[in-house]
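No value in this document is a laboratory result; all are computed from the given coordinates. All of these numbers come straight from a predicted model, not from anything done at the bench. Ideal geometry is used to build each Cβ from the backbone, glycine not excepted, and the neighbour counts take in all protein chains shown.
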Amino acid sequence: MMDGIKIVCFYGPESTGKSTLAARLASEFRTEWVPEVAREMVTTNAFSVDDILQIGRAQTARVFEKLKSANRLLICDTDLITTQIYSRHYLGQVPEELVRLEQKVVYDHYFLFDVDVPWIADGLRDQGSRPQRAHMLHLFERELNSRGISFERVTGSYEQREEFVRRALKQLLATS
C-alpha cells in the first residue's frame with residue numbers, strides 16, 4: 001500500500017480488547033491506529049443500508065488518511081470484512097459496495113481476537129452470551145478462511161494478548 005508501512009488488522013468479535021490494545025501499541029510503536037469508525041457514527045444497532053455504506057466508506061477513507069502519517073506500521077481496529085459480518089447480522093444483507101471497498105485495503109497481517117476474556121457491555125455491544133460470542137467468533141474465522149487469509153489467534157488474559165501481539169509486531173517489522 002505505502003512503501004515500508006505494514007498494515008495490520010485487529011479482527012474479531014466485540015469486547016475482546018482490540019481497541020484498547022490498538023491504541024496502546026500504536027503509542028508504544030510511535031505510529032498511527034485506525035479506530036472502528038462505526039462507533040463515531042452510530043449510537044444504536046438500529047441502522048440502515050445507507051448507514052452501513054457510510055460506515056464502510058468512512059472506515060476505508062480513515063485507513064488511507066492514517067497511512068499518510070504512520071511510522072512503519074498502521075494498526076487497524078477493524079476492517080471491511082467486519083463491516084460485512086455486521087451488515088449481514090443486523091440487516092440480513094451485504095451491499096456489493098462493501099465487497100468492493102474491502103478490496104481497496106490489503107492487510108499484511110491479521111490478528112483474530114478470541115472471546116476468552118470477559119464481555120463488557122457498553123451500550124452498543126449486544127452479543128454477550130457465551131453462545132453468541134462463540135457463534136460470532138466462528139463467523140469471523142470462517143470469513144478469513146473463505147478468503148484464504150492467514151491469521152494469528154490472540155488468546156489469554158489482556159496482558160498475555162498484549163505481549164503476544166507486541167512480539168508478533170516486532171517480528172513483522174524486523175522482516176521488512
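Table for the structure above
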read-out: Hits in the range 42-67 - residues which are in contact (Cβ under 8 Å) with a residue 40 or more places away in the chain and either of a type in the set (Lys, Arg) or under 21 Å from His138 (Cα atoms) (or both); value: Asn45, Arg57
read-out: Subset of the range 159-175 (residues that are free of Cβ contacts under 8 Å to residues at least 40 places away in the same chain, over 18 Å from the mean Cα position of the chain (by Cα) and either part of a helix (DSSP H, G or I) or farther than 15 Å from Arg72 by Cβ (or both)); value: Glu159, Gln160, Glu163, Arg167, Lys170, Gln171, Ala174
read-out: Per-region count, the range 1-25, residues touching a residue at least 40 places away in the same chain (Cβ under 8 Å) and outside any loop (DSSP other than H, G, I, E, B); value: 13
read-out: Residues within the range 140-152 that are in contact (Cβ under 8 Å) with a residue 24 or more places away in the chain and surrounded by fewer than 15 Cβ atoms within 10 Å (Cβ to Cβ), tallied; value: 3
read-out: Answer residue from the range 8-25, given it is in contact with an Asp or Glu (Cβ under 8 Å, 6 or more places away or on another chain) and surrounded by fewer than 18 Cβ atoms within 10 Å (Cβ to Cβ) and is farthest from Leu98 (Cα to Cα) among those; value: Arg24
read-out: Of residues in the range 51-76 being within 15 Å of Trp33 (Cβ to Cβ) and of a type outside the set (A, V, I, L, M, F, W, C), the one nearest to the chain's Cα centre (by Cα); value: Gln59
